[in-house]
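The values are calculated or read from the model by the stated rules, or taken from the named source; none is laboratory data. Quick caveat, the model's predicted, so the values are computed rather than measured. Neighbour counts run over all protein chains shown; Cβ positions are idealised from the backbone, glycine included.
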Amino acid sequence: MNHTSQNVTTQDFVLAIDFGGTKIAIATADSEGQILEQARLETRAVLGAQQILERTLMNAQALIAQTMMVRGGQCVSVGVATPGVVREKEILLSPNIPGWEQVALCETMRMGLKIPVVAVENDVKAAALAEVHWGALQGANPALFLSLGTGVAAAIVVDGRVLSGAHGAAGEIGYNLRSVSDHFGAAQGRAPLEEFVGGRFIGERASDLLGEPLSAAEAFAHPDARVQDLVQETLAELAFHIANVSILLDPARVAVGGGLMNSGALILRALASRLAFAVPFPPELVPAKFLDDASLYGAIALALRAVQHTDVRVHTGF
């Protein structure tokens with residue numbers, strides 16, 4: 001797919017930034033989405049938002065300069081993926097980076113990089129956009145992207161656009177209630193489903209069970225029958241919610257990505273079983289194409305689309 005406009009030369013390129021809880025990925029890419037140069041930084045989230053922004057801008061400027069030296073051309077737009085709900089002057093629901101809620105990310109990137117065209121989006125929604133353009137959700141309408149990692153979230157795709165929702169929070173299924181007896185939820189800063197099926201919490205529950213530190217990946221592979229029962233219980237809970245989402249949306253295809261897909265065969269089997277008997281018209285279930293760097297490729301897709309919408313500073317609902 002050609003994203004270039006008449007004002008962009010074949011040597012011009014875009015910049016993509018993916019802010020994560022533990023790492024920041026930065027890349028330049030050509031008009032077809034192919035990565036040209038890239039760099040990775042530790043987030044060091046506990047040190048706060050300001051140092052993240054300063055180090056990211058410094059490294060992004062260096063990467064732009066390196067790309068210009070090797071390739072020529074200019075950086076024509078910037079795409080940014082971040083945890084949370086993106087607003088013009090703040091980022092909501094992103095508790096893992098202290099101070100992030102007070103960051104006007106689009107304006108900070110625009111002023112710091114001196115590039116006027118900047119598109120910012122939630123990381124899971126950005127990853128879904130990459131799957132729509134180049135990956136497992138091409139041609140699927142409607143479609144659902146499910147991200148399973150430290151947390152859990154989804155993105156809804158209709159007519160090639162990722163739905164934002166009235167407040168930018170469409171697809172935040174981590175906040176789903178688990179039962180009618182739940183009395184704590186978003187208003188109390190809780191995410192009931194995520195606190196049960198998110199990778200961090202799987203690891204914590206397995207660690208408590210065995211009295212030794214375990215990650216989610218280690219729990220999925222652990223031979224202890226008690227841990228395997230915990231994993232199966234977790235996947236049954238996840239499948240229950242995805243089946244209900246599929247009944248509501250009637251998607252043509254569901255693509256599953258995120259770090260937990262290192263155990264993809266087990267996860268897909270559990271989801272497929274529940275979808276097959278619960279959903280009137282079960283969707284096609286596939287692994288996402290971008291199991292690594294999904295949000296970075298999403299940021300590339302954001303930047304390429306932004307070239308065609310240079311009057312817009314913050315892009316949501318792609």
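Things to note:
- Of all residues in region 33-43 being in contact with a Lys or Arg (Cβ under 8 Å, 6 or more places away or on another chain) and not hydroxyl-bearing (S, T, Y), the one that is farthest from D12 (Cα to Cα): E42
- Any helices (runs of 4 or more DSSP H) falling wholly within region 181-293 and containing at least 1 residues that are among the acidic types (D, E) and either over 20 Å from the mean Cα position of the chain (by Cα) or over 26 Å from L92 (Cβ atoms) (or both): 199-210, 216-221, 225-249
- Selection from region 65-86 of residues that are surrounded by 21 or more Cβ atoms within 10 Å (Cβ to Cβ) and not in a strand (DSSP E or B): T67, P83, G84
- The number of residues in region 179-213 being free of Cβ contacts under 8 Å to residues at least 40 places away in the same chain and either surrounded by fewer than 16 Cβ atoms within 10 Å (Cβ to Cβ) or farther than 14 Å from L260 by Cα (or both) comes to 23.
- Number of the exception - S263 against (1) on the phi < 0 side of the Ramachandran plot; (2) at pLDDT 95 or above: (2)
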